[in-house]
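Novice: If you scroll down you'll find the structure; I have some questions about it.
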Amino acid sequence: QVQLVESGGGLVQPGGSLRLSCAASGRTFTINKMGWYRQAPGKERESVAVVTNSGVTNYVESVKGRFTVSRDNARNTVSLQMNNLKPEDTAVYYCYAHSHFVINVEGASVDRDYWGQGTQVTVAS
């Protein structure tokens, strides 16, 4: 129903910057929030930055002041500008989307999470 494709990962030195981009396709009109999760080896997947359709953002504490998430609702894209990268930022980053779809007049709805394929971000000298 919704497909997410990420781009922009790579290898960067500590203190460097990367910009990740994600394009959504399919039933994009049902999406009410998008963002980025990451998963490092041996770690659980964690939410990095999420933005709602209304523009409310939520960042994990460790990236506040360094990362900026932005969404272009018209283009169905979400980006993550990552500055002052640290080795601990190394992870596979996944684009994330949540959809909320009302299916009948009684208000019954369906909520779904969608994930991109992941893009590797490596921060090392």
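The values are calculated or read from the model by the stated rules, or taken from the named source; none is laboratory data. This one's a predicted model, so the numbers in the text were calculated from it and none came from an experiment. Heads up, the Cβs are rebuilt from the backbone with ideal geometry, glycines too, and the neighbour counts pull from every protein chain shown. Accessible surface is based on the protein model in full, side chains and every heavy atom, while ligands, DNA and RNA are left aside. Shrake-Rupley method; radii C 1.70, N 1.55, O 1.52, S 1.80 Å.
Novice: Grab the other residues whose beta carbon is less than 12 angstrom from that of residue 80, score K and R as +1, D and E as -1, and report the net.
Specialist: +2
Novice: Put a dot 7 Å past each Cα toward the Cβ at residue 52 and residue 70; how far apart are the dots in nm?
Specialist: Result for the modelled spin labels: 2.2 nm.
Novice: Give me the distance between the Cα centres of segment 82-125 and segment 48-65, rounded to whole Å.
Specialist: 12
Novice: What does the accessible area of residue 64 come to, in Å² to the nearest 10, when a probe of 1.4 Å is used?
Specialist: Only protein atoms counted, so the area is about 110 Å².
Novice: Which percent of the accessible area of the chain is formed by carbon and sulfur heavy atoms (probe 1.4 angstrom)?
Specialist: After summing per-atom areas, the C and S share lands at 48 percent.
Novice: In Å, the Kirkwood hydrodynamic radius of the chain over pairs of distinct alpha carbons?
Specialist: Across the chain, the inverse of the average 1/r is 14.8 Å.
Novice: Next question. Lysines near residue 86 by alpha-carbon distance under 22 Å, same-chain residues fewer than 8 away left out - which ones?
Specialist: Answer for residue 86, where 22 Å is the Cα cut-off: 43, 64, listed by chain and number.
Novice: Would you mind computing, in nm to one decimal, how far apart the modelled labels at residue 84 and residue 100 are, each placed 7 Å from Cα along Cα→Cβ?
Specialist: Label-label distance for residue 84 and residue 100, simple model: 3.3 nm.
Novice: OK, next. If you roll a 1.4 Å probe over the heavy atoms of the protein chains, what accessible area per residue do you get for the chain, in Å²?
Specialist: It amounts to 53 Å² per residue over the chain.
Novice: If the elastic network links every pair of Cα atoms under 10 Å, which of 61, 106, 44 fluctuates the most in the Gaussian network model of the chain?
Specialist: Maximum fluctuation in the GNM of the chain, among the listed residues, is at 106.
Novice: What net charge do the residues around residue 67 carry, taking every other residue with its C-beta under 12 Å from that of residue 67, with Lys and Arg at +1 and Asp and Glu at -1?
Specialist: Charge balance in the 12 Å sphere: +3.
Novice: May I pose another question? In a shell of Cβ-Cβ distance under 14 Å around residue 12, excluding residue 12 itself, what net charge do Lys and Arg (+1) and Asp and Glu (-1) give?
Specialist: +1
Novice: Once you've got the GNM for the chain with C-alpha springs shorter than 10 Å, pick whichever of 62, 17, 70 has the biggest mean-square fluctuation.
Specialist: Per the Cα network of the chain with a 10 Å cutoff, 62 tops the list.
Novice: So, one more: If you filter segment 18-125 for chymotrypsin sites (Phe, Trp or Tyr not before Pro), then keep DSSP loop positions with at most 13 other Cβ within 10 Å, what is left?
Specialist: Passing both the DSSP loop test and the Cβ count: no residue.
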